[in-house]
Amino acid sequence: MDGQPASSSPNRDSRVRVLIIEDNALIALDLETQMEDLGCDVVDVAVTAAQAIDTARRTMPDLALVDLQLADGSRGQDAALVLRSELDVACIILSGSLHSVTKEERLAIRPLAMLSKPVLPHELGDVVSRYQKPHRQTKGL
């Protein structure tokens, strides 16, 4: 990603805008490909919680894919809490350490799903497809 917001052409306005929060470059690339295959626009990839928050404020995504253990030791759930509470960004948590999310964090983040890595494409695709339907209705499509 080049860090620039996705184009706002008419075709792109109806697409779900996704921020990927993942510090492993290969996993991030795979997630980006999966999202594009599902008809989403990936607005950027962030590798730390602070970068994710800054990027979300700049790009205003609809959805974030959130890993829990990020670069610099930051926590994905901290980013997800801000994205949900301040920007109303829906989150899907993807991690090998789902046990590290407390009950209080789950209640505050209200994730669409919490998927254990490695994430199978159909698992992620099912959750994103369920999110896309109401999103498109909200956009009047």
Report task. Please tell me if residue 134 is at pLDDT below 95, of a type outside the set (Val, Ile, Thr), surrounded by fewer than 19 Cβ atoms within 10 Å (Cβ to Cβ) and in contact with a helix residue (DSSP H, G or I) (Cβ under 7 Å, 6 or more places away or on another chain). Result -> no
Requested in this report: Would you please list the contacts, defined by Cβ atoms under 7 Å and residues six or more apart or on different chains, that run from a residue in the stretch 14-36 that is of a type in the set (Lys, Arg) to a residue that is surrounded by 23 or more Cβ atoms within 10 Å (Cβ to Cβ) and not in a loop (DSSP other than H, G, I, E, B)?
Outcome: 17/43
Report task. Sort out which residues of the stretch 35-56 are part of a strand (DSSP E or B) and either more than 18 Å from residue 130 (Cα to Cα) or modelled with pLDDT under 95 (or both), and write them in order of number. Result -> 43, 44, 45, 46
Query raised in the report: Within the stretch 103-125, how many residues are exposed (fewer than 13 other Cβ atoms within 10 Å of the Cβ), without any contact (Cβ under 8 Å) to a residue 24 or more places away in the chain and more than 13 Å from residue 67 (Cα to Cα)?
Result: 5
Query raised in the report: Does the stretch 57-76 contain at least one residue that is free of Cβ contacts under 8 Å to residues at least 40 places away in the same chain, more than 22 Å from residue 121 (Cα to Cα) and buried (at least 22 other Cβ atoms within 10 Å of the Cβ)?
Result: no
Report summary line: Note: among 62, 54, just one is at negative phi and out of contact with any Lys or Arg (no Cβ under 7 Å at 6 or more places or on another chain), namely 54
Report summary line: In the stretch 42-55, anything out of contact with any helix residue (DSSP H, G or I) (no Cβ under 6 Å at 6 or more places or on another chain) and acidic (Asp, Glu) is listed as 54
Report task. All but one of (1) surrounded by fewer than 14 Cβ atoms within 10 Å (Cβ to Cβ); (2) free of Cβ contacts under 8 Å to residues at least 40 places away in the same chain hold for residue 39, so report the exception by its number. Result -> (2)
Report task. Please work out which one of (1) touching a residue at least 40 places away in the same chain (Cβ under 8 Å); (2) surrounded by 15 or more Cβ atoms within 10 Å (Cβ to Cβ); (3) not charged (D, E, K, R) is the condition residue 95 fails and give its number. Result -> (1)
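The values are calculated or read from the model by the stated rules, or taken from the named source; none is laboratory data. Note that the coordinates shown come from a computational prediction; the quantities given were computed from them, not determined experimentally. Methodologically, a virtual Cβ is constructed for each residue, glycine included, from the backbone with ideal geometry; neighbour enumeration extends over all protein chains shown.
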